[in-house]
Amino acid sequence: MELRKYDRVQGLIFGAFGEVSDDVKKLTDKMAEHMGQRWRTLGASNFAEGIAVSKRLIEKTIGIASVRAYAYVSEEAMRLSRTWGIHDDDGRAADTRERASYDAWLLSYFESTVGLGSNIGL
């Protein structure tokens, strides 16, 4: 019952080919409107154009990050699938180390490309 006090959870979903969920679209609209207030620094001639420029920048940044992430994750998954199940000389499964390495790589990749609270290049 406690959870019903809160609004609906927003599903921020990013697809492999740059597509996004409706909640991401709503969020980017809000971000663009906020960024559009600085329309002069964006090179726009008015507020409405500032929103349009901002929205295009946000969508482009998110789309590229999404496609890149899918490509890197796919490549890494293929590499790991060839090594999982192989045991080292000490008898420990190589896949445990490979999975830990993959998890660390994935975290560092997202922190470096998307960031935690990224300013999307501005």
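Computed from the coordinates by the stated procedures, all read-outs in this text should not be read as laboratory data. The structure displayed is predicted, hence computed values, not measured ones. All Cβ positions, even for glycine, are placed from backbone atoms using ideal geometry, and neighbour counts span all protein chains on display.
With bins 10 Å wide beginning at 0, the percent of Cα pairs of segment 1-58 falling in each bin runs 23, 35, 27, 12, 3. Amide H contacts of Val20: Gly15, each under 5 Å away and 5 or more positions distant or on a separate chain (H built 1.01 Å from N in the peptide plane; Pro and chain starts excluded).
Derived scalar couplings between HN and Hα for segment 70-78 equal 4, 5, 5, 5, 5, 4, 5, 5, 5 Hz in order, rounded to whole Hz, by the Karplus curve 6.51 cos²θ - 1.76 cosθ + 1.60 (θ = phi - 60°), x for Gly and Pro.
When the alpha carbon coordinates of segment 30-82 are projected onto the principal axes, the ranges are 54, 18, 12 Å, largest first.
Within 10 Å, count the other beta carbons around each residue, average over each peptide in 7-18, 31-42, 54-65, and list them highest first.
Working: 7-18: 11.0, 31-42: 15.3, 54-65: 17.1.
The densest-packed peptide leads the list: 54-65, 31-42, 7-18.
Rounded to the nearest whole Hz, the Karplus-based 3J(HN,Hα) values (6.51 cos²θ - 1.76 cosθ + 1.60, θ = phi - 60°) of segment 22-36 follow the sequence 4, 5, 5, 4, 5, 5, 5, 4, 5, 5, 5, 5, 5, 5, x, with x at glycine and proline.
For Lys55, a cut-off of 21 angstrom between C-alpha atoms picks up these lysines, skipping any fewer than 8 places away in its own chain: Lys25, Lys26, Lys30. Remark: segment 105-110, residue by residue, has Karplus-estimated 3J(HN,Hα) of 4, 4, 4, 5, 5, 5 Hz, where x stands for each Gly or Pro and the curve is 6.51 cos²θ - 1.76 cosθ + 1.60 at θ = phi - 60°.
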